[in-house]
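Report on one structure; see the data block that follows.
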Amino acid sequence: MANEVDFSHAVKGELYMEDFAFLLIGAEYGLNRNADERGAPTDAPKRSMVKVKIRIRGNQENYVRLLYEWALNSDKKMDGFMVFGELDEGTAEVRRVHFEGATCVGFRECFQNEQLNLLREVPMVYVPDSANYQPQYRGGEFFTNSMVVSAYDLVISADNLFIEGAEVPS
């Protein structure tokens, strides 16, 4: 078949904000418009929220701090972009999505066990740094098991959104 889609090429993605690069596990964005009872459009297309699932690279502490500051501060706006490309080509860019003045309107932290490859939510627990607790559970040492990897779900509302350089209306 001439129009058959070739799914043999894997696509990877990266999210860049400030001086940080995140590994994209998934991303959703698009356009919506209202329709009348016959299905005819009644207004201009409007962009939806951008939803991403990311993993952290590099110094986890700085990355986590950036994400929590953005999620907790309703006035903090950031610019960034997502790049999608083919894994086996290394540099072949498939799509670029750029956002400006973005606010984090949704945030969720998840933990994944690398050996089981199952995504499961783990309640965030603060364990005081006290002699009453075993050393492996004191302070920040609780989540340093290398088999457990954190992932973050973000919902982003941007002042401006560009897909391949074309501005998406708000």
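What follows is calculated from the coordinates using simple rules that are stated; it is not laboratory data. Because the structure is predicted, anything quoted here is derived from the model rather than measured. Ideal geometry is used to build each Cβ from the backbone, glycine not excepted, and the neighbour counts take in all protein chains shown.
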Ascending count of other beta-carbon atoms within 10 Å, so fewest first, for 104, 110: 110, 104
Stretchable slack from residue 21 to residue 61, in nm (0.36 nm times residue separation minus alpha-carbon distance): 13.0 nm
Segment residue 108-residue 96, extension gain: residue separation times 0.36 nm, minus the distance between their alpha carbons: 1.9 nm
Sparse-neighbourhood loop sites, trypsin sites (Lys or Arg not before Pro) in the range 17-51 - DSSP loop, at most 12 other Cβ within 10 angstrom: 33, 38
Amide H within-cut-off set for residue 21, under 5 Å, with H built and near neighbours excluded: none
Residues in the range 40-76 reached by a label modelled at residue 167 [backbone nitrogen below 19 Å; 7 Å Cα→Cβ]: 44-50
